[in-house]
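Coordinate-derived values only; no laboratory data. Only a predicted model underlies this, so the values are computations on that prediction, with no experimental measurement involved. Positions of Cβ are backbone-derived with ideal geometry, glycine not excepted, and every protein chain shown enters the neighbour counts.
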Amino acid sequence: MGHRPALLQTAMGTLSEDTRGRFARALDAVFFWIGTLTAIWLVWLLTKETIEFGVQRLWFLLPIYLLLAYLVLPRLHTGLSRIYLPDYFIGRTRTREGILGDPVNLALLGEEAQIHAAMRAAGWTAADPINGKSTRRIITSTLSRKSYAEAPVSDLYVFSKRQDFAYQREVDGNPAQRHHVRFWKAPEGWLLPGGHKVDWVAAGTYDRKVGFSLFTLQITHKIEQNTDIERDYIVHSLESANPVITTQVIKDFSTGYHSRNGGGDNIETDGDLPIIDLAAVTPATVLEADTELDSSTSIAKPLTLMRPVRPFGTAIGSLLIFLRSGAWLGTLFNMFVPVALFLGGSGTINSKTGELLLTEADLAKPGATITVVFLLLLLLTLIVLPLTLTVSVWRGRNWSRVTVMLMSTVTIGIAILAYTNGLGYSQEGGLLGVSLDIAVLLALSGADARRYTLERRAWASTHHRVRARRLARTK
């Protein structure tokens, strides 16, 4: 988590790790729902503006759709799924929002290096991780219908974690159609329902086209309804390229757990689960743990040594903090100016309007000079603070993430109160400013942003220990 302010460090030091963890989760849940409810308020506000002003506000339909599809509906699903879905393995993946996703229709015995060797021998291509570069490539390749053989797959979750890696096969160079399969490492000592020991589980489906999700309205891939076809295709491709592989099948493993996936596509399956034994496969060459690998190699170094990938929420949140800091500075400055000048003996406050009244004589007073110096120092502090928070959030510091969410909550609350009292959206920034504040809160209160702060802290701790051991060996 990095260095905390002294006051926060002292307060947190009086709490146990378990208590701090519960408090942090509860605080994140509060910010999560504040962000969700304020986003709903913003959708209502934009819809109201569109109806009232007609053609002049017709372009509001785009932000309304983006808010609904990518923020409001996913968050509602996240909150509700935590209530009504069981938190244990039921033969289904989950989307990031917690909606039941593709069926888990494969299991494997063997090491990770053996999976990579078998998949590559069968002609499969490792999928790129989701980041800014790969996102741009998949959008452009889809629109232009150009091949992108390493296109990333969306994150799905099993064992409360995203897939460890994924492989795919593009069809006729068309990025809208592809075979793909995700893999998850099973926890140590974990058994399938019924007592079968496996090392990995996987979910394979066939993307047939691009469309809209039934549940969130997002643009996504639509899968082939009969998932057994893709399951059997994956098994056949591995067995054909690797004759040493053997497969056994658990009949009717998950027949009763399928209806639709996370995008709302119908799922049809017999529920059988093939267990692929890779024990006789020659492992792919494993590089040293501290060697960085490109996306085509796919054999990752140990998780504890890998620098956590900065999620989109953290990245966009940092950018929004920087963009919004101007309005925050304006608001704080306007709050301090009248108070500072008045306390410095310059001017009087209008009792009816609250405005500061200044004359030339007021500005000539000695106190005015002191006030100006004070305000310049204050302004410098207010410039440094947002920049510090922006960098700190970017680097995965949790205290700064919480601080920014609190600041956004306060400014959003002021804007809503101002609007409900007929004073407009906000005293600073108008509707755009309110929207930026809500976007900051939504970006940083997501599960990925919080998970990144935890992973970043764990990685930093492990990285420092490894460096210390290396230095000790060189002495």
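Quick notes
- Scanning residues 5 or more positions from PHE212 or on other chains, those with amide H under 5 Å from its amide H are THR220, with H placed 1.01 Å from N in the peptide plane.
- Filter on LYS146/LYS222; LYS161/LYS222; LYS133/LYS197 - keep pairs with C-alpha separation over 27 Å: LYS133/LYS197
- Taking amide hydrogens as placed 1.01 Å from N in the peptide plane, the amide H of ASN226 sits under 5 Å from those of GLU268, each at least 5 positions away in sequence or on another chain.
- Under the simplified labelling scheme, the TRP33-SER144 pair shows an inter-label distance of 4.7 nm, with each label point 7 Å from Cα along Cα→Cβ.
- Scalar couplings 3J(HN,Hα) for the stretch 393-410, obtained by applying the Karplus form with A = 6.51, B = -1.76, C = 1.60 to θ = phi - 60°, are 5, 4, 7, x, 7, 6, 4, 6, 4, 5, 4, 5, 4, 5, 4, 5, 4, 5 Hz; x denotes Gly and Pro.
- Couplings 3J(HN,Hα) of the stretch 223-238, computed from phi: 9, 5, 4, 7, 6, 5, 4, 5, 4, 5, 5, 5, 4, 5, 5, 5 Hz, in residue order, whole Hz [Karplus 6.51 cos²θ - 1.76 cosθ + 1.60, θ = phi - 60°; x for Gly and Pro].
- Sparsely packed chymotrypsin sites (Phe, Trp or Tyr not before Pro) within the stretch 75-180, loop by DSSP, other Cβ within 10 Å at most 10: TYR88
- Computed E for ALA418/THR474 - FRET, C-beta separation, R0 45 angstrom, nearest 0.05: 0.15
- Inter-label distance, ARG57 to VAL309: 3.9 nm, where each label sits 7 Å from its Cα along the C-beta direction.
- Shown is the FRET efficiency for THR135 and PHE322, computed with R0 = 30 Å from the Cβ-Cβ distance and rounded to the nearest 0.05: 0.90.
- A cut-off of 5 Å between modelled amide H atoms, ignoring neighbours fewer than 5 places along the same chain, links LEU109 with ASP199, ILE276, ASP277, LEU278.
- In terms of packing, defined here as the mean over residues of other Cβ atoms within 10 angstrom, the peptides 386-395, 437-446, 314-323 line up highest first as 437-446, 314-323, 386-395.
- Backbone N atoms of the stretch 394-414 closer than 18 Å to the 7 Å Cα→Cβ label point of ARG467 belong to residues 395-397.
- Pairwise FRET efficiency - ALA447 versus VAL244, Cβ, R0 = 41 Å, nearest 0.05: 0.50
- Distance (nanometres) between label positions extended 7 Å along Cα→Cβ at SER259 and VAL391: 5.2 nm
- The loop-placed trypsin sites (Lys or Arg not before Pro) in the stretch 138-235, going by DSSP, that have at most 12 neighbouring Cβ atoms within 10 Å of their Cβ come out as ARG145, LYS146.
- Protection proxy ranking, highest mean first, for peptides 98-111, 459-472: 98-111, 459-472, where packing is the per-residue count of other beta-carbon atoms within 10 Å, averaged.
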